[in-house]
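K.L.:
My questions will all concern the structure given below.
The values are calculated or read from the model by the stated rules, or taken from the named source; none is laboratory data. All values reported here derive from a predicted model rather than from experimental measurement. Positions of Cβ are generated from backbone atoms using ideal geometry, with glycine treated the same way; all protein chains shown enter the neighbour counts. Ligands, DNA and RNA are stripped out before the accessible areas are found, and what is left, the full protein with its side chains, is counted by its heavy atoms. Shrake-Rupley method; radii C 1.70, N 1.55, O 1.52, S 1.80 Å.
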Amino acid sequence: MFTGIVEELGEIVAIDKGSDCGRLEIAAPHIQSDLALGDSVATDGVCLTVSLLKQNSFVVNVMPVSWQITTLGSLRSGSRINLERALKVGGRLGGHFVTGHVDGVGWVQSITQQSNASLLQIGAADEILALLVDKGSIAVSGVSLTVHSVVESGFGVSLIPHTSQHTILHNAVVGQQLNLETDILGKYCQSLLRRDASPKGQEITPQFLAENGFF
């Protein structure tokens, strides 16, 4: 479990996609000082397990499905990535509950500067948009952000200068893909509503829920 508060920008040292269980080698001196074998690390929002500790880097395993359905497949040696260690019990929850289980990939539709804030409009699939609400939370490449608007084709988030400067979102460009994870509480609510509302033979889709007043 994570909070979406990025601790460090790591750098990809090496990538191995050739085996059944791929590997990423990451240089991150700050968080590595407190890592152990088997620890979970949110890597651009994807929960991965530390399998090897080296002197100046650590290695995490990547399953084939993670290469396919997240932005990890587009990483290259030298890429910068958002990193966060797992939440400690008793620690401050600065963002929101983030599992590191990515729901899908969105894309940057536009970037607008407004005073000291950067406004990102992000396109997403209907299945993701159905779980978003104004002022709700979403993890974007592992960063806990507040949704300020939801429209038919996407949603908007605002970045304060600190978030821009200390995460990969600082270099976001139009068209860039980003890992998205919706709020786990919303997923449970949607699941319960589907069970209660589902008539026999009726497929429960985001459109059905919206038409029947559930969202």
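K.L.:
Counting heavy atoms of the protein chains only and a 1.4 Å probe, report the per residue accessible area for the chain as a whole number of Å². Mind dumping the intermediate values first?
P.N.:
Values: 11240 Å² over 215 residues.
Each residue of the chain exposes 52 Å² on average to a 1.4 Å probe.
K.L.:
With contacts defined as alpha carbon pairs under 8 Å and 6 or more residues apart, what's the relative contact order of the chain in percent?
P.N.:
Working: 470 pairs, mean separation 47.8, N = 215.
After rounding, I find 22 percent.
K.L.:
Starting from the 7 Å offset along Cα-to-Cβ, what nm value, one decimal, do you get for the label separation of residue 33 and residue 107?
P.N.:
Between residue 33 and residue 107, the simple spin-label model gives 4.1 nm.
K.L.:
What does a probe at residue 93 reach in the range 1-35, counting residues whose amide N is under 11 Å from the point 7 Å along Cα→Cβ?
P.N.:
Once the point is set 7 Å along Cα→Cβ of residue 93, 2-3 turn out to lie under 11 Å by backbone N, inside the range 1-35.
K.L.:
OK, next. Given points 7 Å out from each Cα along the Cα-Cβ axis, report the residue 193 to residue 153 separation in nanometres with one decimal.
P.N.:
Rounded to a tenth, the inter-label distance reads 2.5 nm.
K.L.:
Kirkwood-based Rg over Rh for the chain (C-alpha set), two decimals?
P.N.:
Expressed as Rg/Rh, it is 0.99.
K.L.:
If you don't mind, another one. Could you report the accessible area of residue 97 in Å², rounded to 10, computed with a 1.4 Å probe on the protein chains as they sit in the structure?
P.N.:
Near enough 100 Å² of accessible area.
K.L.:
Tally up the carbon and sulfur contribution to the accessible surface of the chain as a whole percent, 1.4 Å probe, everything protein left in place. Mind showing how you got there, number by number?
P.N.:
Working: 5840 of 11240 Å².
Solvent-exposed carbon and sulfur of the chain make up 52 percent of the total.
K.L.:
Modelled label-to-label distance, residue 21 and residue 184, 7 Å Cα→beta-carbon offset: nm?
P.N.:
Rounded to a tenth, the inter-label distance reads 2.3 nm.
K.L.:
In the chain, what is the count of Lys pairs whose alpha carbons are under 29 Å apart, counting only pairs at least 8 residues apart or on separate chains?
P.N.:
Values: 17/54; 54/88; 88/135; 88/187; 135/187; 187/200.
Final tally of qualifying lysine pairs is 6.
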